[in-house]
Amino acid sequence: MFKFLGPSGCTYFEGKAFQYNLPQRGEKWSAWTEHPEPAEPDGKACGPGRLHLMKQLNSQYTPESWWVWWAQGRDLIGEDDEKTTYAAVRLRRIYPVVLARALRPPFNWGYRANLNRACLRWLNLPGADLRGADLRGADLRRANLRRADLRKADLRGAYLYEADLREVDLRGAKWNCHTIWPNGFSPALE
């Protein structure tokens, strides 16, 4: 499961920050972060007193800028198709090189993933399976997307300056006037 946090290790709800414990130097996993007022187990994924973990890469509820973490939960409260909620959570860093590998075959985490506003700059993503991915506002500066499959991906507002887009498949992809392409690249001609 995954947890999406802002750069300082926080999530935000109604303008208030909630700080998660992050792994300290030399630790693989963080100490457990416990909800201060955990809900009783009721089978529901939403509501107060819950720490949410996403079952797939889905940044739908993330802060403005974010990074994704591996997550384990303790004391299950509830779940639905997209998330599971717990009274306590611990985290493990997903390093950029690991995320880049996971977005490519055979793992294909990027297929239909919600990576809205993701910071994926400089990632080595040749042949990445990003079919149907939501990459609106994603920072893909200087990313290696050579031979990447971006069919039906949403690239509106994506920042692709100096990205390697050789042999990329953009059939059915969406983009707009806010999409920044590499110099000399014209998606209509690809």
Sort out which residues of segment 161-179 are touching an Asp or Glu at 6+ places or on another chain (Cβ under 9 Å) and within 20 Å of residue 59 (Cβ to Cβ), and write them in order of number. 173, 174, 175
Does residue 120 satisfy the criteria of being in the same structural domain as residue 138 (by TED's automatic domain parsing), surrounded by 16 or more Cβ atoms within 10 Å (Cβ to Cβ), in contact with a Phe, Trp or Tyr (Cβ under 9 Å, 6 or more places away or on another chain) and without any contact (Cβ under 8 Å) to a residue 40 or more places away in the chain? no
On the given criteria, is residue 170 outside the structural domain of residue 23 (by TED's automatic domain parsing), modelled with pLDDT of 95 or more, in contact with a helix residue (DSSP H, G or I) (Cβ under 6 Å, 6 or more places away or on another chain) and more than 30 Å from residue 25 (Cα to Cα)? yes
Does residue 44 qualify as being more than 21 Å from the chain's Cα centre (by Cα) and outside the structural domain of residue 130 (by TED's automatic domain parsing)? yes
What's the number of the condition residue 92 fails, among (1) under 16 Å from the mean Cα position of the chain (by Cα); (2) more than 20 Å from residue 128 (Cα to Cα); (3) crowded, with 20+ Cβ neighbours inside 10 Å? (3)
So, in segment 43-64, how many residues would count as being surrounded by 13 or more Cβ atoms within 10 Å (Cβ to Cβ), at pLDDT 90 or above and in a loop (DSSP other than H, G, I, E, B)? 7
Taking the stated definitions as given, is residue 86 of a type outside the set (Lys, Arg) and surrounded by fewer than 17 Cβ atoms within 10 Å (Cβ to Cβ)? no
Residue satisfying all of: in segment 142-176; crowded, with 21+ Cβ neighbours inside 10 Å and among the acidic types (Asp, Glu); farthest from residue 100 (Cα to Cα) among these: 154
Looking at residue 136, is it surrounded by fewer than 18 Cβ atoms within 10 Å (Cβ to Cβ) and either out of contact with any helix residue (DSSP H, G or I) (no Cβ under 8 Å at 6 or more places or on another chain) or in the same structural domain as residue 57 (by TED's automatic domain parsing) (or both)? no
So, residue 149, is that one acidic (Asp, Glu) and under 23 Å from residue 64 (Cβ atoms) or not? no
Mind listing whichever residues of segment 20-30 are loosely packed, with under 14 Cβ neighbours inside 10 Å and in contact with a strand residue (DSSP E or B) (Cβ under 8 Å, 6 or more places away or on another chain)? 28
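The values are calculated or read from the model by the stated rules, or taken from the named source; none is laboratory data. What you see is a predicted model, and the numbers here were worked out from it, not measured in a lab. Cβ atoms come from the backbone with ideal geometry, glycine included; neighbour counts cover every protein chain shown.
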